[in-house]
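The values are calculated or read from the model by the stated rules, or taken from the named source; none is laboratory data. None of the values given here were measured: they were computed from a predicted structure. Every residue, glycine among them, receives a Cβ derived from its backbone with ideal geometry; neighbour counts consider all protein chains shown.
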Amino acid sequence: MSDRIDTPTFAVVGHPNKGKSSIVAALTRRDDVVVSPMPGTTRTHRTYTLEADGKTLLRLVDTPGFQRAREVLERLEAIRRNEGVSRQEAVVRFYRTFRHEARYADEIELLAPVVEEEAGIMYVVDGSKPYGEEFEAEMEILRWCARPSMAVINRIGKGDYVDAWREALSSYFNIVRTYNPVTARLQDHLRLLESMGHADERLLPVIRNVVRYFREDYRHKLRQSARIVTETVAHIVSHRESMRIASQKATEKEKAELLERYKQSVRKMEQKAKETLRTLWNHTHLSVRERTALSQEPFDLFSEESATLFGLSKRELLMAGAIGGAATGAGIDLLFVGHTLFAGGAIGAIAGAIGTYAAFDTFANMKIMGRKAGEYRLSIGPIKDRNFPYVVTGRLLFFASQLASLSHAYRDEVEMTPAEDFKERWLSGSTKRDCEAFFKALRDEKENEESMRRCEEDLYLVLESILDITR
Amino acid sequence: MRCERFADIVELLQLSTDREALRAFGMKYEEACKNPRKLLLLWYETQRKKYSLRWGETLGRALYRFSLALYASAFLFGFLAAMGLLYYNGKEPVNVIYFLFAAFVLPTVSLLLSLAATFKATKTHNPFLHIGLSYVIERLWFRRYAETLKPLLKKEKRLLDWAVLTRTHTAALAFASGMLTGLLVTVATRDIAFVWSTTLDIDPHTFTSWLQTFAAPWHVWWPQAVPDATLIEQSRYFRLGGRIDGKLIAHAQSLGAWWKFLAATILFYTMLPRLVAALATRYYISRLMWRSLLRLAREHLAAMCTPVIKTEVRQTQEVRTFDMQNACTTSEKQTDYDTLVVVGLNETQGALYKEREGIDAKRVLYVGGARSRAQDDETLQEVKGVTAVIVKGWEPPTFELLDTLRAIASKATRTFIIPVGLEEDGFAPDAHDLAVWEKMISTLKDDTLCLIG
């Protein structure tokens, strides 16, 4: 291991197409690591550093696969024999002698981090395919490197040859672990990381720190996901769309146009939330599939025609009229020094209100400097359907849980429509109670800060339980 | 927390969103992570100079003008109300009960409405506030700032309501101040005759005890402002007769003492409660603003106090491209070969696949696996004629294996590569694996090589 024990470095090596790049992608949580079905695609080694607050915690080096292991081993044996050096030194000398030799380019690239950065070794094999003697040359070369090392059995296909591999690998490696980077979840990643700590006991405290950072970061992202879900639900459910209409009564065409605009807005809000979640979980390259869009869900909408004058609604103007009338009447009361028994104020309020109400339409249609003083608007929303907030929450929660659990080595298309029984998984007990209080406040257009916070906290706990995060 | 600072911080939250910068700040003041308010204020103080913040300034300007107009109007209205209430035309004296109603009852009702509005300050719809004149003025006043303030009000819809609430008490205080000023000016510059007059059957003795109870807040430090029984007896007025009677005239000088009582009433029942209400409301609204700010800043604060985990990659990814020409692929299997070469399998496995493929060969050779290269070279000397090569279809060919195929092809007249599969796959290779083999073999650019798939 590197003399810089505070920054463990591991080179991920092995035969071509055994999932080395997938393991690097999964552990570093990057979906841009090139994973190709063609063997020999990776040409050079590439170092991925995992950082926390700018400080490097861990380095993983993705390397090309062994291409001429037997030949290289023969070279190493010749160097050792001819120059009388140790095995480890023979590796170093081979590296320095042949580093510009195209024939051994892949082996030079995979040995570079071992020789130059004293990296540990993670040897990756495919446990779904049988063990073969041709792998012994690779393992022997790695043994000659004399670095802390471990073996990882990755099951790519459906075959099961894990036991045979374990037996063969245990002759060369003290630590042998099974790990599938494509299907692995957080706990699997953390277990593998901890195993790296066991390859060299000096690394253990450092690796445990890395694991702690991983967990903290994961929880932080789950909280953010819960917040994004609740805020989006609040925006969508309480969303209003309005447009100016020609007269007091909206036409069918105007209603249809506004409804379409409304659905587009709702679709955009949901899409924006999903993009934010994808960026949060670093799955920006993931290909997703959804059976139904949110705006296709049937939901009950509330529409209303309204009028305003000078930006104030009829109701507000009525109040203003009443108050203005009352103030005028009160002035008259003062003039009569109380003899009117404040009847002036009362009469003024009533007169002001009636006058405003009666004259509203007249003033609204008046033109001042070429523009109408008032306007008519058609509004649609918010959604009163009781089921709708649950639909939105379920969709986004499922989306978030899928992103959180998906390995960054996964490259296939993902189905993002929740199954029928997903609702039962998240909607129970206190979550149901708290979120219903939140949704009710949204429907009734009341203050919802406290209920939103409680619902958000419950959704965070739901995500934790779905993803099986142990404290 | 003032509205202007609130607006500035909200604007700063919109402008400063870089996670790493936030975390860098949080690391500098790590201790403050335990105190979100302190952390947020520290951040605001250090960051605001980097941005030209507009919202706080715009809101402050709007509120300043609005407040000034409101307070001035309220003061003037109170002054004029006092002048009106104390107007003495020489015929009928000023009824203190009437003044008390205007100086105590109405302001108390107004105070209760304001307090009700304050209790509802957490709601976005506050009916107690919305029926007030100041609210209506606010809606009309702030229209010109609507464009600038729209994003701010979108973040906190209740902000203007809170601004109005804090100013409502101050406006009422201004009104009471105006009223008190009006009273003092009138009393100082005119000769007012104060009486008490009511249709209700209240004897002076009862009225005295009521008023003395009413004056309890100031009777210790300002006893002169507490009307005694004599004054009350002397200042009873009945309208029957239509003129001021001799008794009132005889005690004209003492009747003026009522002004102290009225002044104390304004001080203790209008101004003091409003002052307390104003301070309490400011404190309460400040708490609501903090609550709102901490909610809005939750993500920023979390970003400051949570480590930023990220990955960096040093080198650019260089991928190998393969020059793949059309490979020879055939599904027609020959059965007779001059040579069969088995790569990477032991003799038992070789025999199994030979039989399954129905291959009949004059010689069978084994290479690869744990054998050395020297051994393979020696073995491959025996290759001749039409040669079949059995390879593990599930293992992609390495360059070393391609070297072996090249060596075989150089000795054979024709070489047929037969990738085989595992038992669980019916001993047939996977279509994907075959495609990989096809592509890799094509890189050899040898027409004598053909893949059987």
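Would you check which residues across region B:191-213 are in a loop (DSSP other than H, G, I, E, B) and modelled with pLDDT of 80 or more and list them?
Result: no residue meets the conditions.
Inspect all residues belonging to region A:105-127 and state whether any of them is of a type in the set (D, E, K, R), in contact (Cβ under 8 Å) with a residue 12 or more places away in the chain and in contact with a Gly (Cβ under 9 Å, 6 or more places away or on another chain).
The answer is yes, given that some residue of region A:105-127 is of a type in the set (D, E, K, R), in contact (Cβ under 8 Å) with a residue 12 or more places away in the chain and in contact with a Gly (Cβ under 9 Å, 6 or more places away or on another chain).
Of all the residues that make up region B:362-412, how many are under 19 Å from A:Arg103 (Cα atoms), among the basic types (Lys, Arg) and at the interface with chain A (Cβ under 9 Å from one of its Cβ atoms)?
1
Only one of (1) within 20 Å of A:Glu51 (Cα to Cα); (2) surrounded by 18 or more Cβ atoms within 10 Å (Cβ to Cβ) is not met by A:Arg191, so which one is it?
Status for A:Arg191: all satisfied but (2).
Counting only residues that are within 17 Å of B:Arg295 (Cα to Cα) and either part of a helix (DSSP H, G or I) or under 24 Å from the mean Cα position of the chain (by Cα) (or both), how many does region A:425-457 have?
Qualifying residue count for the region: 10.
Mind counting the residues in region B:26-82 that are within 24 Å of B:Thr170 (Cα to Cα), buried (at least 16 other Cβ atoms within 10 Å of the Cβ) and aliphatic (A, V, I, L, M)?
Qualifying residue count for the region: 7.
Name the pairs: first residue in region B:1-25 and over 12 Å from B:Leu152 (Cα atoms), second residue β-branched (Val, Ile, Thr), Cβ to Cβ under 7 Å, at least 6 apart or on different chains?
Cβ pairs passing all conditions: B:Arg19/B:Val308; B:Glu20/B:Val308; B:Arg23/B:Val308.
Enumerate the pairs (first residue in region A:167-187 and over 18 Å from A:Val13 (Cβ atoms); second residue anywhere and among the acidic types (Asp, Glu) and at pLDDT below 90) with beta-carbon separation below 8 Å, excluding pairs fewer than 6 apart on the same chain, so at least 6 apart or on different chains.
If the second residue must be among the acidic types (Asp, Glu) and at pLDDT below 90, the pairs left are A:Arg185/A:Asp468; A:Gln187/A:Asp468.
Would you say A:Phe66 is within 28 Å of B:Val367 (Cα to Cα) and modelled with pLDDT under 95? Steps first, please.
Details: within 28 Å of B:Val367 (Cα to Cα): yes; modelled with pLDDT under 95: yes.
Answer is yes for this residue.
This table checks each residue for (1) within 60 Å of the chain's Cα centre (by Cα); (2) assigned to a helix (DSSP H, G or I); (3) surrounded by 22 or more Cβ atoms within 10 Å (Cβ to Cβ); (4) at negative phi.
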position: B:Thr387; (1), (2), (3), (4): no, no, yes, yes
position: B:Glu395; (1), (2), (3), (4): yes, no, yes, yes
position: B:Leu401; (1), (2), (3), (4): no, yes, yes, yes
position: B:Thr415; (1), (2), (3), (4): no, no, yes, yes
position: B:Pro419; (1), (2), (3), (4): no, no, yes, yes
position: B:Glu438; (1), (2), (3), (4): yes, yes, no, yes
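Residues checked against (1) surrounded by fewer than 19 Cβ atoms within 10 Å (Cβ to Cβ); (2) more than 25 Å from the chain's Cα centre (by Cα); (3) farther than 15 Å from A:Ala52 by Cα; (4) within 13 Å of chain B (Cβ to nearest Cβ):
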{"position": "A:Ser195", "(1), (2), (3), (4)": "yes, yes, yes, no"}
{"position": "A:Leu204", "(1), (2), (3), (4)": "yes, yes, yes, no"}
{"position": "A:Asn209", "(1), (2), (3), (4)": "yes, no, no, yes"}
{"position": "A:Arg212", "(1), (2), (3), (4)": "yes, no, no, yes"}
{"position": "A:Arg215", "(1), (2), (3), (4)": "yes, no, no, yes"}
{"position": "A:Tyr218", "(1), (2), (3), (4)": "no, no, no, yes"}
{"position": "A:Arg223", "(1), (2), (3), (4)": "no, no, yes, yes"}
{"position": "A:Ile228", "(1), (2), (3), (4)": "no, no, yes, yes"}
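Which one of the conditions (1) more than 9 Å from chain B (Cβ to nearest Cβ); (2) closer than 30 Å to B:Ala435 by Cβ does A:Arg80 fail to meet, given that it meets all the rest?
The single condition A:Arg80 does not satisfy is (2).
In the set A:Val91, A:Val24, which member is touching a Phe, Trp or Tyr at 6+ places or on another chain (Cβ under 7 Å), at the interface with chain B (Cβ under 10 Å from one of its Cβ atoms) and not small (Gly, Ala, Ser)?
None of the others qualify; the one that does is A:Val24.
Counting only residues that are of a type in the set (Asp, Glu) and away from chain B (no Cβ under 14 Å), give me the helices (runs of 4 or more DSSP H) lying completely in region A:102-182 with at least 2 of them.
Where helices (runs of 4 or more DSSP H) fall fully within region A:102-182 and carry at least 2 residues being of a type in the set (Asp, Glu) and away from chain B (no Cβ under 14 Å), they are A:162-169.
Pick from B:Tyr87, B:Tyr71: which is within 12 Å of another protein chain (Cβ to nearest Cβ), under 30 Å from B:Phe261 (Cα atoms) and of a type outside the set (A, V, I, L, M)?
It is B:Tyr87.
With the structure loaded, tell me whether A:Gly54 is under 30 Å from A:Leu406 (Cα atoms), at the interface with another protein chain (Cβ under 9 Å from one of its Cβ atoms) and free of Cβ contacts under 8 Å to residues at least 12 places away in the same chain or whether it fails that test.
It is true that A:Gly54 is under 30 Å from A:Leu406 (Cα atoms), at the interface with another protein chain (Cβ under 9 Å from one of its Cβ atoms) and free of Cβ contacts under 8 Å to residues at least 12 places away in the same chain.
Each row is one residue, and each column tells you yes or no for (1) touching a His at 6+ places or on another chain (Cβ under 7 Å); (2) farther than 25 Å from A:Ser128 by Cβ; (3) among the β-branched types (Val, Ile, Thr).
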{"position": "B:Glu378", "(1), (2), (3)": "no, yes, no"}
{"position": "B:Asp403", "(1), (2), (3)": "no, yes, no"}
{"position": "B:Ile408", "(1), (2), (3)": "no, yes, yes"}
{"position": "B:Arg414", "(1), (2), (3)": "no, yes, no"}
{"position": "B:Ile417", "(1), (2), (3)": "no, no, yes"}
{"position": "B:Gly421", "(1), (2), (3)": "no, no, no"}
{"position": "B:Asp446", "(1), (2), (3)": "no, yes, no"}
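When the residues of region A:389-424 are filtered to those that are part of a helix (DSSP H, G or I) and free of Cβ contacts under 8 Å to residues at least 60 places away in the same chain, which remaining residue is farthest from A:Leu463 (Cα to Cα)?
Going through region A:389-424, the residues part of a helix (DSSP H, G or I) turn out to be A:389-405, A:422-424.
Restricting the remaining residues to those that are free of Cβ contacts under 8 Å to residues at least 60 places away in the same chain gives A:390, A:394, A:398, A:402, A:422-424.
Values: A:Tyr390: 16, A:Gly394: 11, A:Phe398: 9, A:Gln402: 10, A:Phe422: 12, A:Lys423: 13, A:Glu424: 13 Å.
Taking the candidates together, the pick is A:Tyr390.
Is there a residue in region A:366-388 that is assigned to a helix (DSSP H, G or I), at pLDDT 80 or above and surrounded by 16 or more Cβ atoms within 10 Å (Cβ to Cβ)?
Yes, some residue in region A:366-388 is assigned to a helix (DSSP H, G or I), at pLDDT 80 or above and surrounded by 16 or more Cβ atoms within 10 Å (Cβ to Cβ).
Does region A:425-459 hold any residues that are within 14 Å of chain B (Cβ to nearest Cβ) and without any contact (Cβ under 8 Å) to a residue 40 or more places away in the chain, and which are they?
Of everything in region A:425-459, those that are within 14 Å of chain B (Cβ to nearest Cβ) and without any contact (Cβ under 8 Å) to a residue 40 or more places away in the chain turn out to be A:Ala441, A:Asp444, A:Lys446, A:Glu447, A:Glu449, A:Glu450, A:Ser451, A:Arg453, A:Arg454.
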